[in-house]
Every structure is written in structure tokens, then in C-alpha cells.
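Have a look at the structure below, then the notes.
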Amino acid sequence: MSAATKKKHVFLETINNYSLPSENQIIVRIKGPRGNNLHDVETATGEEFIVTMPVKFRKSVWTKRGDYVVVEPIEEGNKVKAEIVQILNKDNIRHFKSEGIWPKEFEFKEDTVEASGYSIDKDMLPSSSDEENDEENED
């Protein structure tokens, strides 16, 4: 199998994987990259540790700060506590919420609007009447 075909299969597997986490797997949020395929993560309870990205995801799927992943604990090593087994996209998260397994600590506030990874209070957004006045003043 060529490298391009392998990347395509891994990408499609990531998008179409709606399997729920097993008993020993944990949903975590990525806090940031550490380099060398290592990431700082935090659990819903606030515990922080380092996870590794397996070879099959490297150079095929990218993660960024604030993304959610499912990890499985590993026994080897002192610093690296788990390995990423599934990278979650919006559809996965929606599915997890409908199944009732999404951690409440990771829920977004209802009074915020999420835009490209940042939360903006609705109070900070311009009202629609302000936008209409601006358009009238331009004429």
C-alpha cells in the first residue's frame, strides 16, 4: 500500500469512527503539543499528563490545542501515561453527547459563541441594529 493510500485510509477511519470509548479509555482535551509526537492533555477531573500519538496517525491527522481525543493508558514509561486511540471531530462529540457519555466538565457555556477555538460572550458581539445603522451611514 502506498503512503498516500495509507494516509487516505487513516483519515477516513478517523472521520467515520463512531465507536464509544471502552471502560479503560478516557476522553481528554489537548492542552498543547510537546514535540516528538507528545501532547499535554487534561481530563475532565483536571488531571494533567502526557500522551503519545501512535505511528498510524503521524503525518496523516493533525491535532491542535483544544481538540478532544480518546486515550488508553499504557504501562510503560513514567512520564507518558497514555496513547491516543481516537481523534474526535464535531460529529463524534455530538454522538458522544447523544449517548450521554460526554463529560459535563467539557460542555461549553450556552451564552458563548465558539469561533475558531475561542469563546466570545454574546454580550461582546455587536447587536444587529448596530450593523444596520453602520450600513445606513455608509450610503
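On the stretch given as the range 18-63, residues that are charged (D, E, K, R), closer than 17 Å to Gly77 by Cα and in contact (Cβ under 8 Å) with a residue 12 or more places away in the chain total 2.
Just one of the numbered conditions (1) touching a Ser or Thr at 6+ places or on another chain (Cβ under 9 Å); (2) within 30 Å of Ala3 (Cα to Cα); (3) modelled with pLDDT under 95 is not true of Lys122: (2). Residue count for the range 51-79 satisfying the condition of being of a type in the set (Val, Ile, Thr) and farther than 16 Å from Ile27 by Cα: 2. Residues in the range 8-49 that are closer than 15 Å to Leu88 by Cβ, β-branched (Val, Ile, Thr) and either loosely packed, with under 15 Cβ neighbours inside 10 Å or at pLDDT 90 or above (or both): Ile15, Ile26, Ile27, Val28, Ile30, Val41, Thr43.
When restricted to residues that are touching a residue at least 40 places away in the same chain (Cβ under 8 Å) and assigned to a loop (DSSP other than H, G, I, E, B), the range 64-81 contains 3.
The numbered conditions (1) out of contact with any Lys or Arg (no Cβ under 7 Å at 6 or more places or on another chain); (2) modelled with pLDDT of 90 or more; (3) basic (Lys, Arg) are all true for Lys109 except (2). Please specify each residue of the range 61-97 satisfying the condition of being acidic (Asp, Glu) and surrounded by 13 or more Cβ atoms within 10 Å (Cβ to Cβ). Within the range 61-97, Asp67, Glu72, Glu83 meet the criteria.
Of the residues making up the range 28-39, not a single one is β-branched (Val, Ile, Thr), outside any loop (DSSP other than H, G, I, E, B) and over 24 Å from Gly100 (Cα atoms).
The values are calculated or read from the model by the stated rules, or taken from the named source; none is laboratory data. Please read all numbers here as calculations on a predicted model, not as lab measurements. Counting neighbours? That spans all protein chains shown, and the Cβs are built from the backbone with ideal geometry, glycine included.
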